[in-house]
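Here, each number is a calculation from the coordinates, and none is a lab measurement. Everything numeric in this text was worked out from a predicted model, so none of it was measured. So basically every Cβ, Gly included, is an ideal-geometry build from the backbone, and we count neighbours across all protein chains shown.
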Amino acid sequence: MSTLFDVTTEVPAAPAAAGPRPRYRVAGLDISLTGTGIATLGGTTRVPTTGRRRDTITQRRNRMRHILDAVLTEVGLVDLACVEGPSHHSVGGSVWDRGGLWWLIVDGLCARDIPVAVVPPMSRAKYATGKGNSRKAAVLDAAQRRYGAILPTDDEADALILRAMGMEWLGTPLAEVPDGHRAALAGVQWPDREAVAR
């Protein structure tokens, strides 16, 4: 796992009259067949896998089950999972398998009663850089600068940004971001707040 930041600074202290602020556990998931990025309180990690076009149904299923099991193990039980939504303009590669994996993971989270937020790719990029059309390299650079993180891949950077968006929505931001970046939260399909703050 990559080190993200000093966790003691993650949740700023609240005024005494308000009582202690909740310490939310949020996971960010950048779901991919080749490298699913995961960000949790403990840091970031990646689940890399490879496949071939001629793989059998059984091999494809086993690959997806491996990714699912690794993700659910890493995430554990959290208060909110922020998952990057499908990219609708993506037409290459294994479209069916990518969609199937996405739903397997979301279903696994829902089966654990974990509220799920679906973050459009453009919202993730805008929160990170201020521009919705930013490339992965720009998001990686922004994540490393803003959160002081050492991130070996853009998959982990995306996952960290997704987690940061969830923390911001819950009122416990990982770092201060400009208002233009924060506007990206409006494009997210958030769950009922009551389900998260239970």
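Results for (1) touching a residue at least 40 places away in the same chain (Cβ under 8 Å); (2) under 29 Å from Glu194 (Cβ atoms); (3) not in a strand (DSSP E or B), shown as yes or no for each residue.
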| residue | (1), (2), (3) |
| --- | --- |
| Tyr24 | yes, yes, yes |
| Leu33 | yes, no, yes |
| Gly37 | yes, yes, no |
| Arg52 | no, no, yes |
| Gln59 | no, no, yes |
| Arg63 | no, no, yes |
| Ala70 | no, no, yes |
| Cys82 | yes, yes, no |
| Ser87 | no, no, yes |
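Taking the stretch 134-153 only, how many residues are assigned to a loop (DSSP other than H, G, I, E, B) and surrounded by fewer than 22 Cβ atoms within 10 Å (Cβ to Cβ)? Going through the stretch 134-153 one residue at a time, the tally reaches 7. In the stretch 96-104 there is no residue that is touching a Phe, Trp or Tyr at 6+ places or on another chain (Cβ under 9 Å) and crowded, with 16+ Cβ neighbours inside 10 Å.
Could you count how many residues in the stretch 134-166 are of a type in the set (Asp, Glu) and without any contact (Cβ under 8 Å) to a residue 12 or more places away in the chain?
Initially, the stretch 134-166 is screened for residues of a type in the set (Asp, Glu), giving 141, 154-156, 158.
Cutting the leftovers down to without any contact (Cβ under 8 Å) to a residue 12 or more places away in the chain gives us 141.
Qualifying residue count, the stretch 134-166: 1.
Of all residues in the stretch 106-133, those that are touching a residue at least 40 places away in the same chain (Cβ under 8 Å) and in a loop (DSSP other than H, G, I, E, B) have Cβ atoms under 9 Å from Cβ atoms of residues that are among the aromatic types (Phe, Trp, Tyr) and surrounded by 18 or more Cβ atoms within 10 Å (Cβ to Cβ), 6 or more apart or on another chain, in Pro115/Trp190.
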